[in-house]
Amino acid sequence: MAMKDLLKAEDIKKALDAFKAADTFDPLKFFDMVGLKAKSSEDVKKAFKALDVDNSGFIEEEELKFVLKGFAADGRDLTDKETKAFLALADKDGDGKIGAEEFEALVHQ
């Protein structure tokens, strides 16, 4: 499933533009801006599956770096600093990856 099937293309573009500069990414603001925060748990899980590129059931650090590309092909890569901060914010059990429940908890925070 493509994110544009779940979210409005103009909201995605606006959010990507807002965080275009390196080291400006804020996952909480981003998920609110794209409209994901207002979506149901079921829709958030669909978004999670779209971002879980290797279908492991987790979003690992390497996948997290490319999370913006999951919203639009022209999304930039996150910096190492942004990736680590995102992981620290979402990874509540400390296993070094983000599970579906952790992702949903972050989005609906």
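The values are calculated or read from the model by the stated rules, or taken from the named source; none is laboratory data. No experiment lies behind these values; they were computed from the predicted model shown. Cβ coordinates were reconstructed from backbone atoms using ideal geometry, including for glycine residues, and neighbour counts include every protein chain displayed. These accessible areas exclude ligands, DNA and RNA; they are computed on the full protein's heavy atoms, side chains included. Shrake-Rupley method; radii C 1.70, N 1.55, O 1.52, S 1.80 Å.
Charged side chains reduced to their Cβ positions (Lys and Arg at +1, Asp and Glu at -1) give the chain a dipole of some 460 debye around its Cα centre. If R0 is taken as 25 Å, the Cβ-Cβ distance between GLU10 and LYS81 corresponds to a FRET efficiency of 0.30. Cα centroids of the range 56-101 and the range 1-46: 14 Å apart. Heavy-atom surface analysis with a 1.4 Å probe gives the range 1-84 a carbon and sulfur content of 54 percent of its accessible area. Along the axis of the charge dipole computed for the range 1-65 (Cβ charges of +1 for Lys and Arg, -1 for Asp and Glu, origin at the Cα centre), the listed residues VAL44, GLY57, MET33 are led at the positive end by MET33.
Enclosing the Cα atoms of the range 1-51 in their convex hull gives a volume equal to 73 cubic angstrom per residue. For the residues LEU64, LEU28, LEU78, a GNM of the chain with alpha-carbon springs under 10 Å puts the largest fluctuation on LEU28.
In percent, rounded to a whole number, the relative contact order of the chain is 30, using alpha-carbon pairs under 8 Å and six or more apart. Taking the chain as a Gaussian network of alpha-carbon nodes connected by springs under 10 Å, the highest mean-square fluctuation of the residues ALA88, ALA50, ALA73 belongs to ALA73.
Ranked by the mean number of other Cβ atoms within 10 Å of their residues, highest first, the peptides 13-26, 33-46 fall in the order 33-46, 13-26. Structure remark: mean-square fluctuation, Gaussian network model of the chain, C-alpha springs under 10 Å; the largest value among ASP11, ASP93, ASP52 belongs to ASP93.
Per the Debye calculation on the chain with a single equal scatterer at every Cα and no solvent contribution, log₁₀ I(q)/I(0) for q = 0.16, 0.17, 0.23 Å⁻¹ amounts to -0.63, -0.72, -1.48.
With protein chains left intact and a 1.4 Å probe, residues in the chain average 54 Å² of accessible area per residue.
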